[in-house]
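Colleague: First the structure, then my questions, so here it is.
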Amino acid sequence: MATKHWQAHLCVLCGYLYEDPPGVFTEAPENQLQWQALPDNWRCPDCGAKKSFFDEIELNIPTEDNEINL
């Protein structure tokens, strides 16, 4: 069975999820910047928390061909 890698950053203050790549579990725009490309002064759009208040989440999702496209 194949796996797809999924990565996100979760705001520990409000639960906002920043997906990388976007659009798998949230309705993020396709042209959203990768986490590393965000400026240091970027803030959570929901609560205003700094990037340092985000925890990284990584998953390897088991898939069959054509099941999930990440």
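The values are calculated or read from the model by the stated rules, or taken from the named source; none is laboratory data. Just so it is clear, the structure is predicted and the values come from calculations on it, not from any experiment. FYI the Cβ positions are ideal-geometry reconstructions off the backbone, even for glycines, and counts take in every protein chain you see.
Colleague: Across the stretch 2-46, which residue is surrounded by the most Cβ atoms within 10 Å (Cβ to Cβ) among those that are polar (S, T, N, Q), modelled with pLDDT under 90 and not in a strand (DSSP E or B)? Steps first, please.
Modeller: The initial filter retains those residues of the stretch 2-46 that are polar (S, T, N, Q), namely 3, 7, 26, 31-32, 34, 36, 41.
Then drop every residue that is not modelled with pLDDT under 90, which leaves 3, 7, 26, 31-32, 34, 36.
When the remaining residues are screened for being not in a strand (DSSP E or B), the result is 26, 31-32, 34, 36.
Values: Thr26: 12, Asn31: 6, Gln32: 16, Gln34: 11, Gln36: 6.
Out of the qualifying residues, it is Gln32.
Colleague: Can you pull out the residues in the stretch 47-70 that are at pLDDT below 85 and among the hydrophobic types (A, V, I, L, M, F, W, C)?
Modeller: Listed by number, the residues that qualify are Leu59, Ile61, Ile68, Leu70.
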